[in-house]
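The values are calculated or read from the model by the stated rules, or taken from the named source; none is laboratory data. These figures come from a predicted structure and were not determined experimentally. Here the Cβ positions follow ideal geometry from the backbone for every residue, glycine too, while neighbour counts run over all protein chains shown.
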Amino acid sequence: MTIALLGTGLLGRAIAERLQLAGHCVTVYNRTTAKAIPLQACGITVVTRPEQAMAHADCVVLMLADAAAIHAVLLTEASLAILRGKTVIQMGTIAQEESLAIQAEVERAGGFYCEAPVLGSLTEAKAGTLLVMVGGTKRQFNEWSPLLRSLSRKPCLIGPVGKAASLKLALNQLIAAEISAFALSLGLVQRAGVPVETFMAILRESALFAEAFDKKLPRLLTRDYHHPNFSTRHLLKDVELFLKEATGYKLTTRSLEGIKPVLEETIARGLGEDDYAALYETVNPKT
Ligand SMILES: NC(=O)c1ccc[n+]([C@@H]2O[C@H](COP(=O)([O-])OP(=O)(O)OC[C@H]3O[C@@H](n4cnc5c(N)ncnc54)[C@H](OP(=O)(O)O)[C@@H]3O)[C@@H](O)[C@H]2O)c1
């Protein structure tokens, strides 16, 4: 399959490598070309315009930061002009209403659109074990299954466009809730002089435990947030998207509203591009 992948940030790079290794023919475009160049080493073609990547592609995979980035890369006159007959598979995390609006523009240009946001990060992308949630038709799901199965053991059709976007936000709300709750309890335990291993041993045996705690613990203990899997900036984006959608449904969102300023302060500390575990610096600042 010939694939154009637009956006080789943290996750886009890992997905491009995985798709190429799985035998697809991948051409990538990234706004900052230099970040994509290392992909040439695994046989991936790097181009400097999105239209060049899309020209001969069976489908266009989007791994861009947000809806604004999608507008800047895909919904330009030059890109829209060659979308006729092509399928766009949007894999970043955006809101339901954003996904529906992008679908409308792609279809107006004669293209096809489905969404396939993912849960998991760089390790899972490289191993082909992402959890891929598809919003689209059954026909699209079947047509693009060979591609999706290169990234996921069991891609899942959630419903029409928009449903997978909402589901992805619901899951990312849990990321924000879990890391902020874990950071706060860890901070208390450390300041109260309870051994961290005792805390973790009890927690691991309990129904409260989440694997994410063990994954993030080394970063929190060493206060090292470099080489991020997922940035603080993007977690804040997802919190804001969730709040907007949930408020529309008249849900009470005060717990998540409390996490938002914690993320904002973490970004103000210069940790926006670091791993989101960096919110520990705001929850439990160095004394
Ligand atoms: N990282 C993860 O573990 C993970 C997991 C699941 C979902 N996601 C979602 O997947 C998406 C990508 O995540 P990521 O971690 O790969 O993010 P990232 O490293 O920040 O990469 C973002 C990509 O978007 C491009 N971009 C941003 N603004 C742009 C603009 N205005 N015009 C053109 N291009 C623009 C960047 O280009 P430059 O390189 O030129 O800046 C880069 O290619 C996000 O929606 C994120 O929430 C990430």
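Restricting attention to the stretch 70-84, the residues that are assigned to a helix (DSSP H, G or I) and within 14 Å of the ligand (Cβ to nearest atom) total 6. For the stretch 85-99, the candidate set comprises residues that are over 19 Å from Leu10 (Cα atoms) and of a type in the set (Gly, Ala, Ser); within that set, the residue that is farthest from the ligand (Cβ to nearest atom) is Gly85.
In the set Leu19, Leu83, Leu75, which member is assigned by TED's automatic domain parsing to the domain that holds Ala125, in contact (Cβ under 8 Å) with a residue 60 or more places away in the chain and either among the hydrophobic types (A, V, I, L, M, F, W, C) or touching a strand residue (DSSP E or B) at 6+ places or on another chain (Cβ under 8 Å) (or both)? Every option except Leu19 fails the conditions. Please specify each residue of the stretch 229-258 satisfying the condition of being away from the ligand (no atom under 16 Å from the Cβ) and of a type in the set (Val, Ile, Thr). Hits for the stretch 229-258 are Thr247, Thr252, Thr253.
Screening Ile44, Ile89, Ile102 for residues that are outside the structural domain of Leu169 (by TED's automatic domain parsing) and within 17 Å of the chain's Cα centre (by Cα) leaves exactly one candidate, Ile89. Where helices (runs of 4 or more DSSP H) fall entirely within the stretch 189-287, those with at least 2 residues that are within 22 Å of Met63 (Cα to Cα) are at 232-248.
Taking the stretch 100-163 and the helices (runs of 4 or more DSSP H) fully enclosed by it, the elements with 3 or more residues that are within 16 Å of the ligand (Cβ to nearest atom) are at 122-127.
Residues in the stretch 191-228 that are among the acidic types (Asp, Glu) and either more than 16 Å from the ligand (Cβ to nearest atom) or more than 17 Å from Ile179 (Cβ to Cβ) (or both): Glu197, Glu205, Asp214, Asp224. Of the residues in the stretch 215-235, at least one is surrounded by 14 or more Cβ atoms within 10 Å (Cβ to Cβ), over 30 Å from Leu64 (Cβ atoms) and at pLDDT 95 or above.
Contact map, the stretch 172-194: residues that are among the aliphatic types (A, V, I, L, M) paired with residues that are surrounded by 15 or more Cβ atoms within 10 Å (Cβ to Cβ) and part of a loop (DSSP other than H, G, I, E, B), Cβ distance under 8 Å, separation 6+ or inter-chain. Pairs shown: Ile175/Phe230; Ala183/Asn284; Leu184/Asn284; Leu186/Asn284.
Here the condition is being within 17 Å of the chain's Cα centre (by Cα) and either polar (S, T, N, Q) or buried (at least 16 other Cβ atoms within 10 Å of the Cβ) (or both); of Ala181, Ala170, Ala165, Ala127, it holds for Ala165 alone. Checking each residue of the stretch 257-274 against the condition of being under 18 Å from Ser121 (Cβ atoms), free of Cβ contacts under 8 Å to residues at least 12 places away in the same chain and not hydrophobic (A, V, I, L, M, F, W, C) gives no match.
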